[in-house]
Amino acid sequence: MTRIASVSLRRVLDSRGNPTVEADVLTESGGFGRAAAPSGASTGEYEAIELPPREAIAAARQHAVPRLVDEIHAGNQRDVDAALRGADGTNDFSEIGANSAVAISMAAAKAGADVLGAPLFQHLGGTFRDANRSFPVPLGNVVGGGEHAKEATHIQEFLAAPVGAPSVSEAVFANAAVHATVGDLLDERGVPAAKGDEGAWAPPIDDAEAFEVVEEATDRVADEIGFDVQFGLDVAAAELWDADAGVYRYGDVERTPDEQIDYIADLVDEYDLAYVEDPLDEDAYDGFADLTDRVGDRTLVCGDDLFVTNVERLERGINVGAANSILIKPNQIGTLSDAFDAVELAHRNGLDAVVSHRSGETEDTTIAHLAVATDAPFIKTGTVGGERTAKLNELIRIAEEAV
Ligand SMILES: O=C(O)[C@@H](CO)OP(=O)(O)O
Ligand SMILES: [Mg+2]
């Protein structure tokens, strides 16, 4: 029933105005799925390879499409993804591009769900998914800099975390309120602020002032709405790491790896941070382990560039105790099956798996379904901007459908 009848690929716009790959998968019985690849700016060194979209599309048409059409059932995700890996023949999707691979993988999942008449989160999560379990809390980027906005903060993302929200929808609106409040506070301080790639405010202030503003905004919103709103960070420290000098550079301020660990551990305690992503460089397994040892009982230490959704890198991390959570981004690894493998390995070893967008996004909502299907404690998908609200609004709809 779900045998693939056609796969079409095209270039569409992403939120940065760059071209990206979109895939349509049609099954023999008329099931249809469409998905588009996102794209990172602060990409990890060990991510699967994104090719220029024209090249990725040409290569996928030549190598992957003939292996899928009339051959594979869209409802059998592992078969779809094995065909993509077989067509590519490399470890990092450098032949057909992880952007073509992930677009096809996600479009096939949607086509499979369409034939079955099941919502995507149900198709991916399975029939034994517990409808009563809690939903992912959205981490909302409210102040950002780093690779996502020049002349703003050194820390890449300050993320509102409405951990006390009684429902997804209240969490989503809480994050929007924190974003608006940060805007007002910056205005009061006379700080002009444009927005970065993910819709967060990108003010020309130092990190210390950003902490003050975000703390005040989350406290104020928590008081107004009556539940706990904490915050977290994506330090994206690989972008701050100067390997030659052996220090993390925050403009003129330098921190040695030990100082960086102390700095982050102090921030966790001072601001009661709920979440800290990539606090150290993407090769700093031991440093991650030290930090996790110190603060892992009270915050999520999450590996993004460290693990790149890759089971081998995660395995290595598990062996040394680096991090207590992994960030899951399907385009870092190329297929949904690979992303699920990483989630399962994490869960088997007591780590949480947090699902995430990229800084370059489209209106595609697959990650909202992935987060629900995998019981992610958090989903990182921005706060405002159409490509971010697409996922947040989909989460609200899913929550309604899943009860
Ligand atoms: O570092 C990150 O976690 C992401 C998303 O916020 O950014 P990018 O997509 O640029 O890698
Ligand atoms: Mg990150």
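Condition check for GLU147 on (1) within 14 Å of ligand 1 (Cβ to nearest atom); (2) in contact with a strand residue (DSSP E or B) (Cβ under 9 Å, 6 or more places away or on another chain): one failure, at (2). Of the residues ASP197, ASP219, the single one that is surrounded by fewer than 21 Cβ atoms within 10 Å (Cβ to Cβ) and modelled with pLDDT of 95 or more is ASP219.
Table: residues versus (1) part of a helix (DSSP H, G or I); (2) away from ligand 2 (no atom under 16 Å from the Cβ); (3) surrounded by fewer than 24 Cβ atoms within 10 Å (Cβ to Cβ).
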residue: HIS347; (1), (2), (3): yes, yes, yes
residue: VAL355; (1), (2), (3): no, no, no
residue: ILE379; (1), (2), (3): no, no, no
residue: GLY382; (1), (2), (3): no, no, no
residue: LEU395; (1), (2), (3): yes, yes, no
residue: GLU400; (1), (2), (3): yes, yes, yes
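Suppose we filter TYR275, TYR248 for residues that are within 16 Å of ligand 2 (Cβ to nearest atom), more than 25 Å from VAL163 (Cβ to Cβ) and buried (at least 23 other Cβ atoms within 10 Å of the Cβ); which single one remains?
TYR248
Which one of these is at pLDDT 95 or above, outside the structural domain of ALA98 (by TED's automatic domain parsing) and either β-branched (Val, Ile, Thr) or touching a Phe, Trp or Tyr at 6+ places or on another chain (Cβ under 6 Å) (or both): LEU240, LEU291, LEU267?
Numbers: LEU291 fails: either β-branched (Val, Ile, Thr) or touching a Phe, Trp or Tyr at 6+ places or on another chain (Cβ under 6 Å) (or both); LEU267 fails: either β-branched (Val, Ile, Thr) or touching a Phe, Trp or Tyr at 6+ places or on another chain (Cβ under 6 Å) (or both).
Step by step, each of LEU240, LEU291, LEU267 is checked, and only LEU240 is at pLDDT 95 or above, outside the structural domain of ALA98 (by TED's automatic domain parsing) and either β-branched (Val, Ile, Thr) or touching a Phe, Trp or Tyr at 6+ places or on another chain (Cβ under 6 Å) (or both).
Within the range 304-345, work out how many residues are polar (S, T, N, Q), part of a helix (DSSP H, G or I) and within 22 Å of ARG78 (Cα to Cα). The total comes to 3. Comparison of GLU259, GLU170 shows that the only residue that is surrounded by fewer than 17 Cβ atoms within 10 Å (Cβ to Cβ) and either free of Cβ contacts under 8 Å to residues at least 24 places away in the same chain or touching a helix residue (DSSP H, G or I) at 6+ places or on another chain (Cβ under 6 Å) (or both) is GLU259. All of PHE128, PHE135 fail the test of being modelled with pLDDT under 95, surrounded by fewer than 16 Cβ atoms within 10 Å (Cβ to Cβ) and either within 19 Å of the chain's Cα centre (by Cα) or aromatic (Phe, Trp, Tyr) (or both), apart from PHE128.
The values are calculated or read from the model by the stated rules, or taken from the named source; none is laboratory data. Here the structure is a predicted model, which means the values were calculated and not measured. FYI the Cβ positions are ideal-geometry reconstructions off the backbone, even for glycines, and counts take in every protein chain you see.
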